[in-house]
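Structure, as structure tokens:
Values in this text are rule-based calculations from the coordinates and carry no lab data. Small disclaimer: the values here were computed from a predicted structure and weren't measured. Using ideal geometry, Cβ is built from the backbone for each residue, glycine included, and neighbour counts are taken over all protein chains shown.
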Amino acid sequence: MTLPPDPPQRAAVPFAVPPAAGGAPEGAVPDRGAELMLAWQGGDEQAFHELVDVYSGQVYALLTRFLGRGHPGREDLVQEVFLRVVKARARYTATARFSTWLYTIVWRICINETERSRSRRHLSLDAGLDDEGGLELPDSAELDPAEGVARADVIREVRAAIAELPDSQRIAMVLARYHSLSFAEIADVVGSSEKAIKSMIHRARESLRARLQPLFEREAI
Amino acid sequence: MTPGPEKNFGDTREPRRELDELLGVDPAPRLSDEARRRVHDLLSAESDRVLDAVLELDEVSLPGGLEDRVRAAIRADTRRRRLRLVRWTAAAAAAGVLVAAGAGWLPLGVDGLSAEPLAGGQVASLESPSEELLAALPLLESLEFLEQEFDSFEREVALVVDPRDAVFLELLELGG
């Protein structure tokens, strides 16, 4: 099963206030996640099951693209994300899109995990060992031989190029490109300004363009 | 070689073709600002389109049964935390029962003959249910919870094994 990018959402329109809070304003995007979260707060346990169904794949995809496919324990991290959602059940308020709130939790876990990976790598280097965890692994997992060698090469290059981006650029680019978050929403997730996010994404795209340029010329996509 | 007359490409409707033609005749074309902007926009848009097309190739395969395992992990965590709470409550309640029982015996004295009144002039009586019963209530509630939430094996383990024992907690999770 593969996960396509999130469907595009109209980020410019206002966040939909769930029905329980007085009805959505005209033209607002309905936020299923917020509805489910509020229903769960109200005692509907089934709503939480649906939340897991709807969002666990998105969380896994974000962790995978940020941490890399060579990172062990991504599934455990998905569980950790939802455990934090459980703990935050009582204090959740629908002031933003649910996915924005959820990705904030994912981002914190990503930061912790990245720091942990780096310290593990430092320890391994100090001990003279070759560390194979974290972002440095060649990102060749999940490539289908049926895709063909050329296409597999392109995908491998794309993953490597994304992995080489600095953390802040990588999360901003992934959230914008694959999860359809607006600049303002990404700024909320990573705790930065909209202007800074716009700049980060611009730089990330420039880096990707420069890194992948030989591919464009070779493949003439 | 003298450069040819400057052409104005600002009003062209097909800037790409015009650009190709232009580059074909003049290796250092001089474009109007408007034409330069349009060509730049066109090339940028094309470059963005290509980059997006390439990024689109990167899909994430989801492990089968991910949602079920997430739910199972959350159930196990919830049970673990509630079990820990039950054991702490039970321990506190048991301690309360012992204290209450001790308080009941205290007025009888060590030899069981000389009863002294407690502070405030009241004499505790074993017949009075209040202190012991109140102290035992959390225990009874915990037992009720165990009765409802756990099967007989789990209840036995919960009441005997220290919850910090990871092996038995794993057993509980497997049983769940």
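So what J values fall out for the range A:191-207 if you push phi through Karplus, 6.51 cos²θ - 1.76 cosθ + 1.60 with θ = phi - 60°, rounded to Hz, Gly and Pro as x?
Karplus values, whole Hz, x for Gly and Pro: x, 10, 9, 4, 5, 5, 5, 4, 5, 4, 5, 4, 5, 4, 5, 5, 4.
Within 10 Å of each candidate Cβ there may be at most 16 other Cβ atoms; applying that plus a DSSP loop requirement, which trypsin sites (Lys or Arg not before Pro) in the range A:35-122 survive?
Within the range A:35-122, the qualifying trypsin sites (Lys or Arg not before Pro) (loop, at most 16 other Cβ atoms within 10 Å) are A:Arg89, A:Arg91.
For the residue pair A:Thr95 and A:His122, what label-to-label distance in nm results when each label sits 7 Å from Cα along the Cα-to-beta-carbon direction?
3.4
How far apart, in nanometres, would the label points at A:Ser180 and B:Leu43 be if each is projected 7 angstrom from Cα along the Cα-to-Cβ direction?
3.3
What does the extension gain come out to for A:Ser168 and A:Leu83, with contour length at 0.36 nm per residue minus their alpha carbon separation?
28.1 nm
Under 5 Å between amide hydrogens, which residues at least 5 positions from B:Val60 or on another chain qualify, with H placed 1.01 Å from N in the peptide plane?
For B:Val60, the qualifying residues are A:Leu3.
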